[in-house]
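The values are calculated or read from the model by the stated rules, or taken from the named source; none is laboratory data. From a predicted model like this one, the values you see are computed outputs, not experimental measurements. Note: ideal-geometry Cβ built from the backbone for every residue, glycine included; neighbour counts use all protein chains shown.
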Amino acid sequence: MAPAFTTSPLVKARIAGVLYLVCIATGAFAEMGVRARLVVFDDAVATAHNILASPMLYRLGLFCDLASFITGLAIGVLFYELFKPVSRSLALLALVFVIVSNTVSLAAIVELQAPLGLLEGHASPGGFDEAQRQAMALFSLRQYEHAFDINLLLFTVDCFTTGVLIFRSTFLPRFLGVLLIVGGAGYLVNSVTNLMPPSFLRDLFPYDLLPSLVAELTLALWLVVFGVDAAKWEAMRTSRQR
């Protein structure tokens with residue numbers, strides 16, 4: 001017989017909830033606690049000065065990003081296991097987009113590492129003066145942000161799909177699914193306006209991300225505190241097998 005923690009939907013749900021909180025906390029810290037403090041996207045000199053003045057904080061942000069994306073992948077696997085009884089095809093679709101979206105940002109992590117090498121001189125290409133290295137460092141940071149916008153655009157599909165799965169399930173409250181769909185719409189607006197030329201929708205930032213934060217935080221806390229209704233989950237799994 002398999003160990004209980006590998007088969008219990010309640011334990012899986014709570015593990016997913018804890019990982020979700022870690023994912024949110026590390027991602028928010030990396031973006032708001034580190035890059036928002038150090039990076040000035042229209043000033044390469046100020047950005048370089050800030051990073052060199054706080055290299056450990058910058059590195060901590062990088063590791064927090066790694067933790068956020070890795071926990072995001074683990075959450076996707078756990079959600080696939082939880083929502084298979086609702087719809088295997090939709091659960092698989094959500095998993096695919098979780099993997100692809102987080103892989104985009106994991107691959108772009110090298111863009112976050114590059115400014116340290118450029119500014120500290122460890123990996124500076126020959127023939128470039130200080131101003132050029134500063135400009136290249138800021139360019140790498142901008143490229144990372146573009147990759148993150150693509151991540152969120154892909155993650156939107158996961159939010160919509162998981163929201164539908166929650167709404168159709170009997171073992172989680174439907175309002176969580178509605179919240180996640182609305183949160184996905186917030187991510188969609190944010191990522192599309194960042195990837196396209198400036199428009200009036202840019203004035204919605206950061207308010208366009210509030211629904212996403214509320215939705216994901218509510219879902220994570222619900223999973224940690226209440227988990228899922230294991231009896232209803234089992235009943236749905238059994239009915240799908242008939």
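Cβ-Cβ contacts under 7 Å between residues 6 or more apart (or on different chains), taken from a first residue in the stretch 218-230 that is on the phi < 0 side of the Ramachandran plot to a second residue that is of a type in the set (Val, Ile, Thr) and buried (at least 16 other Cβ atoms within 10 Å of the Cβ), are listed as 220/24. Residue pairs whose Cβ atoms lie under 6 Å apart, sitting 6 or more positions apart in sequence or on different chains, and linking a residue in the stretch 129-158 that is assigned to a helix (DSSP H, G or I) to a partner that is modelled with pLDDT under 95 and of a type in the set (Asp, Glu), are 140/111; 143/111; 144/111.
For every residue, the table says whether it meets (1) surrounded by 20 or more Cβ atoms within 10 Å (Cβ to Cβ); (2) under 20 Å from residue 157 (Cβ atoms); (3) in contact (Cβ under 8 Å) with a residue 24 or more places away in the chain; (4) hydrophobic (A, V, I, L, M, F, W, C).
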site: 16; (1), (2), (3), (4): yes, yes, yes, yes
site: 23; (1), (2), (3), (4): yes, yes, yes, yes
site: 36; (1), (2), (3), (4): no, no, no, yes
site: 40; (1), (2), (3), (4): no, no, no, yes
site: 49; (1), (2), (3), (4): no, no, no, no
site: 55; (1), (2), (3), (4): no, no, yes, no
site: 63; (1), (2), (3), (4): no, no, no, yes
site: 81; (1), (2), (3), (4): no, yes, yes, no
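Between 48, 91, which is closer than 22 Å to residue 138 by Cα and either at pLDDT below 95 or out of contact with any Asp or Glu (no Cβ under 7 Å at 6 or more places or on another chain) (or both)? Going through 48, 91 in turn, the sole match is 48.
So for the stretch 171-179 (the condition being more than 16 Å from the chain's Cα centre (by Cα), over 30 Å from residue 239 (Cα atoms), of a type in the set (Gly, Ala, Ser) and at pLDDT 80 or above), does at least one residue qualify? Checked the stretch 171-179: no residue is more than 16 Å from the chain's Cα centre (by Cα), over 30 Å from residue 239 (Cα atoms), of a type in the set (Gly, Ala, Ser) and at pLDDT 80 or above.
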